[in-house]
Amino acid sequence: MVENTKRRIIETFLNLTTSMSVQKISIARLMRDMKLQRETYYYYFNDKYALIEASLAMLLFDSYDQLINDRSLDTANRAVLAQIKAHPNFFNDLLSNQNEYMFKRLYCQTSLAAINRYLDANFRQVPETVRFAGKFYIYAVNNVVYEWVQSGMKTDPEALVRQFSLSIPVALVPYFKTTQEIEEKS
């Protein structure tokens, strides 16, 4: 119940960002739309930045968690880009200069944690070189995604996913399926 309420607050907040900027969404408005007391908000979040951070973490976690389900970095990247496209106001507001660090930190932490969970769950021993390659890949993708949002998301997401797929470090290739492999098995 507790996590469900927290998730509902985040989802309502994200829904509001489809029609207004993050700055214009007040906690009072958010809780009024949810028909909950303002105190409920502060049970879960210290301030608005905590909500923004939790919202970003949820969007990225849900997207990268798909990686574990089908072993594909392409699927995870496609899901992240779809979330960004679905919440353009949220991400445009989030990627202002004052929030750039938060986005990059959370993106890298969440994505890298998902990759490491996947590796640990599916392989006995994973060399440190593979983990480093995962970190290298995530940091590179993070910067490209950041630039993509900053440029107005003009590049087709599928084109980005293909570029990311072609850029997977050699050390990671044996550990992940490509989109082509998944399609061949279907």
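The values are calculated or read from the model by the stated rules, or taken from the named source; none is laboratory data. Quantities reported herein were computed from a predicted structural model and do not represent experimental measurements. Here Cβ is always computed from backbone atoms with ideal geometry, including for glycine, and neighbour counts include all displayed protein chains.
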Test for Arg105: is it without any contact (Cβ under 8 Å) to a residue 12 or more places away in the chain and part of a loop (DSSP other than H, G, I, E, B): no
All positions within region 1-30 that are farther than 16 Å from Tyr49 by Cα and not basic (Lys, Arg): Met1, Val2, Glu3, Asn4, Thr5, Asn15, Thr18, Ser19, Met20
Conditions (1) of a type in the set (Ser, Thr, Tyr); (2) part of a helix (DSSP H, G or I); (3) over 12 Å from the mean Cα position of the chain (by Cα): number failed by Ser96: (2)
Matching residues in region 81-117 - criterion: being polar (S, T, N, Q) and either closer than 15 Å to Ala54 by Cα or surrounded by fewer than 17 Cβ atoms within 10 Å (Cβ to Cβ) (or both): Gln83, Ser96, Asn97, Gln98, Asn99, Gln109, Thr110, Ser111, Asn116
Residue within region 32-43 that is crowded, with 19+ Cβ neighbours inside 10 Å and not assigned by TED's automatic domain parsing to the domain that holds Val144 present: yes
Close pairs from region 1-24: first exposed (fewer than 12 other Cβ atoms within 10 Å of the Cβ), partner not in a helix (DSSP H, G or I), Cβ under 8 Å, at least 6 apart: Thr18/His87
Considering residues of region 119-152 that are part of a helix (DSSP H, G or I), of a type in the set (A, V, I, L, M) and surrounded by fewer than 17 Cβ atoms within 10 Å (Cβ to Cβ) only, the residue farthest from the chain's Cα centre (by Cα): Ala121
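From the list Ser167, Ser186, which one is modelled with pLDDT under 90 and not acidic (Asp, Glu)?
Sole residue among the options that is modelled with pLDDT under 90 and not acidic (Asp, Glu): Ser186.
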Filtered residues of region 9-40 (kept if within 23 Å of the chain's Cα centre (by Cα) and either outside any helix (DSSP H, G or I) or of a type in the set (Phe, Trp, Tyr) (or both)): Phe13, Thr18, Ser19, Met20, Ser21, Ile25
